[in-house]
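Following: one structure in structure tokens, then a few remarks.
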2 protein chains.
Amino acid sequence: MIDRKAFRALSSGLCLITAREGGRDCGCVVNTLVQVASAPPTLAVSLNKDNATTAAVRESGRFAATVLAQDAPMELIGTFGFHSSADTDKFAACSRAIDGAEVPYVADHALARFSVTVTETIDVGSHYLFVGTVEEAEMLAEGDALTYAYYHAVKGGKTPPKAATYNGGDEAPLAGVTETAASAPDAGKRIAWRCTICGYIEEGYPDGLPADYMCPICGAGRDFFERVEL
Amino acid sequence: MIDRKAFRALSSGLCLITAREGGRDCGCVVNTLVQVASAPPTLAVSLNKDNATTAAVRESGRFAATVLAQDAPMELIGTFGFHSSADTDKFAACSRAIDGAEVPYVADHALARFSVTVTETIDVGSHYLFVGTVEEAEMLAEGDALTYAYYHAVKGGKTPPKAATYNGGDEAPLAGVTETAASAPDAGKRIAWRCTICGYIEEGYPDGLPADYMCPICGAGRDFFERVEL
């Protein structure tokens, strides 16, 4: 007897995992980074087998990790979490830093970063669990971490089907969307709709997106969009 | 270059891991339980090699896990987190439930529970990382999970040296202790001092515990005690 809702009680935070292999820089968003030993300092992270980042970590034997701050914009999470590094340069819209092992990471909106050498790779079905020794650990900023609970409850974020913690798509709908949509626009501003998953902006549709609308970038439905003014 | 403070940016929640081996029931507190795959539903948890619970998980190949609610009392956390199952019946002061695999768990102050069969055991130095398939997952209560950040910041909790996430003992001191100690007791009540780590009550000392005071149960110093009235 498995109640998928039980897994949502587990607390976690959002992190970016980045890697470099064959001249290509990859990255993805996870909520599965955990410290599993203090001596030596060891991290574990689970990555979906279908991710381009996963292939880069397997081939290079290394990854970098950053802990996202609560103020990390949804566009950053959308770029790294809902696109594929195979067809997107995820670093194009943010600053690319390089750690001591020549692995790229994103210092923007990050509280801390780690540089990790993989020591074990465990096949766990839909994902690989990578275990590795931390060779660099650095604080980048003070502040609150972006917990998965905050991401869902306050930012209205969603879980992609490839996540280790995808347990069905029936999270609570976005709060406040209807209310926002009902207010009048400021004079001289254009109404548009922003995908809260990937950050895509759809202009027009002052009366709301059509019921069958789908985001051309990530495929999210109308309920994932919030009204903005440009 | 390793800055241990960087690890504290990682978000996690407190869980109880319990096991039964050779007629003895064991349990400990962790903040390392993570879902690492969705298909099949898979959990990983890191346990210190010196824990009695770790030996029971290794020998039995099973564990139960509960996600603690934010209102879980410090006594429960102290009993399971700062004592050894080798010399304490940790279940004596709480209700003992039994899952479908005959593994005990504590349903009190828990949001969810899991019953897990271990499929991989990885040696990560100070700890073993256990990976296992979830055979039962059940919601037990609605509410907020006890995050590690909340445990430290609001409950004034501490990290035991055997934890995977022990990165030095220089967490912020308990907020409000001095202020509480300065207030006058209610008439007819006795002043006492409660260890915020293990729950031990030390009576007397109306002017505060001596500077060299140590908890006779868990060894915590004076700064870990809060004033209570009996």
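The values are calculated or read from the model by the stated rules, or taken from the named source; none is laboratory data. Not measured: the values here are computed from a predicted model. Positions of Cβ are backbone-derived with ideal geometry, glycine not excepted, and every protein chain shown enters the neighbour counts.
Here are the numbers:
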| read-out | value |
| --- | --- |
| Some residue of the range A:184-192 being surrounded by fewer than 21 Cβ atoms within 10 Å (Cβ to Cβ), in contact with a Lys or Arg (Cβ under 6 Å, 6 or more places away or on another chain) and either closer than 26 Å to A:SER85 by Cβ or modelled with pLDDT of 75 or more (or both) | no |
| Residue match in the range A:20-39 (condition: farther than 17 Å from A:LEU146 by Cα, more than 10 Å from every other protein chain (Cβ to nearest Cβ), touching a Leu at 6+ places or on another chain (Cβ under 9 Å) and crowded, with 24+ Cβ neighbours inside 10 Å) | yes |
| Verdict on B:THR133 being more than 10 Å from chain A (Cβ to nearest Cβ), part of a strand (DSSP E or B) and touching a strand residue (DSSP E or B) at 6+ places or on another chain (Cβ under 7 Å) | no |
| In the range A:144-156, residue nearest to the other protein chains (Cβ to nearest Cβ) [restricted to those that are closer than 18 Å to A:ALA110 by Cα and not hydroxyl-bearing (Ser, Thr, Tyr)] | A:ALA145 |
| The listed residue being in contact with a Leu (Cβ under 6 Å, 6 or more places away or on another chain), among the hydroxyl-bearing types (Ser, Thr, Tyr) and assigned by TED's automatic domain parsing to the domain that holds A:GLY23, out of A:THR42, A:THR88, A:THR54, A:THR79 | A:THR54 |
| Verdict on A:ALA65 being assigned to a strand (DSSP E or B), outside the structural domain of A:GLY199 (by TED's automatic domain parsing) and at pLDDT 95 or above | yes |
| Which listed residue is at pLDDT 85 or above, assigned to a helix (DSSP H, G or I) and in the same structural domain as A:ARG62 (by TED's automatic domain parsing), from A:ALA141, A:ALA149 | A:ALA149 |
| Residues of the range A:121-130 that turn out to be among the polar types (S, T, N, Q) and at the interface with chain B (Cβ under 9 Å from one of its Cβ atoms), as a count | 1 |
| Matching residues in the range A:9-19 - criterion: being outside any loop (DSSP other than H, G, I, E, B), within 14 Å of another protein chain (Cβ to nearest Cβ) and either among the hydroxyl-bearing types (Ser, Thr, Tyr) or surrounded by fewer than 23 Cβ atoms within 10 Å (Cβ to Cβ) (or both) | A:SER12 |
| Total residues in the range B:84-98, condition surrounded by fewer than 19 Cβ atoms within 10 Å (Cβ to Cβ) and modelled with pLDDT of 90 or more | 3 |
